[in-house]
Amino acid sequence: MGKLLFFDIDGTLIDCNKNIYEISKTNRESLDLLKRNGNDVFLATGRCQCFIVDGVYSYPFSGYVTCNGGYVEYKKKAIFKAVVPAEAIKATMKVAEDLDLNYYFEACDKIYVGDKNNPRHIAFANNWGMKPETIVDDFDPEAIETYIGMIVVKDKKDIPEMIRRLSPYFDVQRHQSEYSFDLTLRGVSKALGIKKIVEALNRDISDTIAFGDGRNDVEMLETVGIGVAMAGAMEEALAAADEVCDSVENNGITSWLKNRNMI
């Protein structure tokens, strides 16, 4: 029986900071070979589905662990949802108002923001590949269903206060940027999402392999059968991983798979 392989997006399959917005031809061919050899390939990302850039979403993955495990889908059917409470959204909106921060709450097909015309939002959205048609800034927190938040600070001095006020609701996880953070519901992680896939397929966690590079990958890398960190990953991810592979631009995933005789 084949393996279940889970791939982070940013810093693993693409790197927006290096203008790499699509899976390389080499890595796409490797994913194809994995599937032909009887394995299943999944995304495991902090992004929601509508925030996945076309150069990644166009690949036919077996399923998706999105929103840091807050929304899990297999064969186009949701098998797990962790919905952000309206109370947590309102608390985030208040913090953003008080400290002049940008916030985002992500559903499968929409991203809810404070002001889509804010220049800082526009710069952030352009850099990370948010699609303008998915962005909504007129909404009722009581009426939306979202699975993860993000927040972007303007000044580092605001970080401690932001974390203090939002920690009752979220695990606040800093991105590689000094200024942006995932707001993942407490108890939710990519590791939890992977476990939901494993349970749905009646498999064992020892059958899993995951690749990642960020702080939101730590639990995943610790939990799976083999956790592989990318070269240049955050220190926490490197410490959690069993092995390290080469970088995105060097098609490190492909090299690792070949060395393991999986392709």
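The values are calculated or read from the model by the stated rules, or taken from the named source; none is laboratory data. Predicted model only: the values in this text are computed from it and were never measured. Reconstructed Cβ throughout: ideal geometry from the backbone, glycine too, with neighbour counts over all protein chains shown. Just so you know, the surface numbers come from the protein's heavy atoms only, side chains and all, with ligands and any DNA or RNA stripped out. Shrake-Rupley method; radii C 1.70, N 1.55, O 1.52, S 1.80 Å.
Only residues that are without any contact (Cβ under 8 Å) to a residue 60 or more places away in the chain and either buried (at least 18 other Cβ atoms within 10 Å of the Cβ) or more than 26 Å from Lys18 (Cβ to Cβ) (or both) were counted in the range 119-132, giving 3.
Would you confirm whether or not the range 141-160 contains a residue that is free of Cβ contacts under 8 Å to residues at least 12 places away in the same chain, closer than 20 Å to Gly70 by Cβ and over 23 Å from the mean Cα position of the chain (by Cα)? Yes, there is a match, as at least one residue in the range 141-160 is free of Cβ contacts under 8 Å to residues at least 12 places away in the same chain, closer than 20 Å to Gly70 by Cβ and over 23 Å from the mean Cα position of the chain (by Cα). Looking across the range 179-222 at every residue that is of a type in the set (Ser, Thr, Tyr) and open to solvent by 50 Å² or more (accessible area, probe 1.4 Å), the one that is nearest to Gly11 (Cα to Cα) is identified as Tyr179.
Which residues, counting only those in the range 126-153, are aliphatic (A, V, I, L, M) and either out of contact with any strand residue (DSSP E or B) (no Cβ under 7 Å at 6 or more places or on another chain) or assigned to a loop (DSSP other than H, G, I, E, B) (or both)? Passing the criteria: Met130, Ala143, Ile144, Val153.
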